[in-house]
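The values are calculated or read from the model by the stated rules, or taken from the named source; none is laboratory data. As the structure is a prediction and not an experimental result, all values here were calculated from the model. Cβ atoms come from the backbone with ideal geometry, glycine included; neighbour counts cover every protein chain shown. Side chains are part of the model used for accessible areas, which takes the heavy atoms of the whole protein and leaves out ligands, DNA and RNA. Shrake-Rupley method; radii C 1.70, N 1.55, O 1.52, S 1.80 Å.
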Amino acid sequence: MTKKIKHPETIGLHGGDYRADPATTSVAVPIYQTTSYQFKNAETAANLFGLKEFGNIYTRIMNPTCDVLEKRVAALEGGMAAVAVGSGQAASAFCVQNVAQAGDNIVSSTDLYGGTVNLFKNTLRMQGIEVRFADPTDPKNFEKLTDEKTRAYYGESCPNPYLRVFPIKEVADIGKKHGIPLIIDNTAAPVICKPLEHGAAVVMHSLTKYIAGHGTSIGGIIVDGGTFDWVKNAKRQPLFNEPDPSYNGAVWGRDVPKLTGANIPFAIRARVVLLRDLGAPLSPFNAFQIIQGLETVALRMKQHCANAEKVVKFLESQKKVKNVIYPTNHQGEIRERAKRYMNGGYGSLVGMDLGSKEAGAKFIDNLKLLYHVANIGDARSLAIHPASTTHSQLNDKQLAEAGVTPGYVRLSIGIEHPDDIIADIEQALAA
Ligand code: PLP
């Protein structure tokens with residue numbers, strides 16, 4: 001039954017295989033707060049370790065509470081399998097480390113969350129993985145930076161501060177020509193953007209944001225779309241086609257479909273190699289919290305998007321606001337991408353330029369309802385002034401390169417009544 005469910009409102013509550021807890025018939029997903037699982041007998045234990053059968057071994061690698069979350073998010077994205085991890089950062093790092101090793105490179109969009117930029121520019125480089133940065137306004141930039149060592153393309157569906165929707169199909173098509181999977185960070189647009197439908201091979205989320213939605217728990221997830229042909233692209237993808245010495249010579253691209261009946265080597269390798277060796281599992285307690293959020297994410301996204309559109313209209317009528325940044329406020333092809341790749345709304349992130357650093361900081365200090373935090377995607381409305389916080393070390397030229405003018409304020413519009421959100425913004429602008 002659940003496999004046939006297509007609507008995100010229903011998937012959030014019923015998606016995946018979970019109906020009731022098999023041990024207790026509990027309808028709410030129980031928190032399986034355990035590290036380990038009693039093996040039935042020695043043979044079963046040996047089979048589990050040898051990947052001859054799948055089941056619970058140790059919570060660093062799998063957990064029944066996380067399993068429900070994984071299956072539901074996979075269903076929400078239209079993917080085949082998912083792996084939950086301890087944070088969105090761990091999800092981004094694993095996505096790259098799963099395809100690339102020292103000496104390899106990936107090509108990533110320049111439009112990225114700052115934490116991802118740091119990971120890509122510094123930490124992965126120190127591990128020998130080069131990240132080449134392509135301006136996504138022209139998808140051909142990805143092809144230009146590709147060579148025989150390029151293992152993946154990477155982008156964000158709706159990245160701030162520019163809020164230019166990523167050319168998903170255009171870059172996925174270039175990737176398909178070269179045997180390169182496209183990985184999309186869909187953190188800012190769950191439900192309203194479905195990257196796998198447009199040709200991405202893998203989707204990841206910081207669950208911390210809209211999916212959890214209540215600002216209580218950090219988490220991340222990687223969804224394997226199940227469509228990328230790892231074997232056909234054997235030369236391009238050595239980590240999926242050469243024997244893995246860390247797992248009795250397993251050849252992931254060939255062996256996983258045989259073992260599972262599904263084309264999910266990306267998910268299996270992330271779980272049994274990366275989670276096993278690098279750790280960073282999601283805790284069962286956080287998985288439970290995030291499941292509560294997932295149950296209503298489709299409903300919340302509708303309200304987030306509707307409220308954001310009202311805020312955009314209001315801001316556009318304000319003289320003190322020099323510029324309003326929103327996915328549909330771009331012109332030409334960039335605007336068309338928002339229309340093409342988003343469905344049911346354009347997200348809750350809104351940027352506005354108040355003209356100067358002082359005006360931006362003053363606006364933030366006068367907010368009474370909106371919270372001043374370095375986060376997005378809460379049910380509550382949030383705001384931050386990057387020039388005086390996250391980007392305060394940068395000069396004006398560097399700020400411009402990062403896409404934040406001195407007066408730029410980022411709003412993450414919540415699900416409160418829109419009149420209350422607008423009233424707070426109005427009084428803070430007046431002040
Ligand atoms: N990706 C995006 C788009 C984000 O906005 C964030 C965090 O802000 C992350 C990844 C990292 O997620 P986390 O904070 O859960 O590690």
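Things worth noting here:
- Within region 145-168, the set of residues being in a loop (DSSP other than H, G, I, E, B), at pLDDT 95 or above and either away from the ligand (no atom under 16 Å from the Cβ) or farther than 16 Å from Ile192 by Cβ (or both) comprises Leu145, Thr146, Asp147, Glu148, Lys149, Pro167.
- Residue within region 380-387 that is without any contact (Cβ under 8 Å) to a residue 24 or more places away in the chain, out of contact with any Cys (no Cβ under 7 Å at 6 or more places or on another chain) and open to solvent by 50 Å² or more (accessible area, probe 1.4 Å) present: no
- Out of Val231, Val191, Val171, Val256, sole residue that is part of a loop (DSSP other than H, G, I, E, B), more than 11 Å from the ligand (Cβ to nearest atom) and more than 20 Å from Val68 (Cα to Cα): Val231
- Flag for Phe266 being part of a loop (DSSP other than H, G, I, E, B), of a type in the set (Phe, Trp, Tyr) and away from the ligand (no atom under 16 Å from the Cβ): no
- One residue stands out in region 388-415 among those that are buried (at least 19 other Cβ atoms within 10 Å of the Cβ) and among the polar types (S, T, N, Q): the one that is nearest to Asn160 (Cα to Cα), namely Ser412.
- Conditions (1) surrounded by 16 or more Cβ atoms within 10 Å (Cβ to Cβ); (2) closer than 18 Å to Val68 by Cα: number failed by Phe285: (1)
- Filtered by the rule that a residue be in contact with a helix residue (DSSP H, G or I) (Cβ under 7 Å, 6 or more places away or on another chain) and part of a loop (DSSP other than H, G, I, E, B), region 194-217 gives Lys194, Gly199, Ala200, Leu207, Thr208, Tyr210, Ile211, Ala212, Gly213, His214, Thr216, Ser217.
- Residue list for region 202-223, filter: crowded, with 24+ Cβ neighbours inside 10 Å, more than 18 Å from Ile183 (Cα to Cα) and away from the ligand (no atom under 12 Å from the Cβ): Gly213
- Residue-level check: of (1) more than 13 Å from the ligand (Cβ to nearest atom); (2) touching a residue at least 40 places away in the same chain (Cβ under 8 Å), Gly199 misses just (2).
- The one condition from (1) under 25 Å from Ser157 (Cα atoms); (2) more than 15 Å from the ligand (Cβ to nearest atom); (3) touching a strand residue (DSSP E or B) at 6+ places or on another chain (Cβ under 8 Å) that Leu76 does not meet is (3).
- Complete set of residues in region 91-127 that are more than 16 Å from the ligand (Cβ to nearest atom), open to solvent by 10 Å² or more (accessible area, probe 1.4 Å) and in a loop (DSSP other than H, G, I, E, B): Gln101, Ala102, Gly103, Gln127
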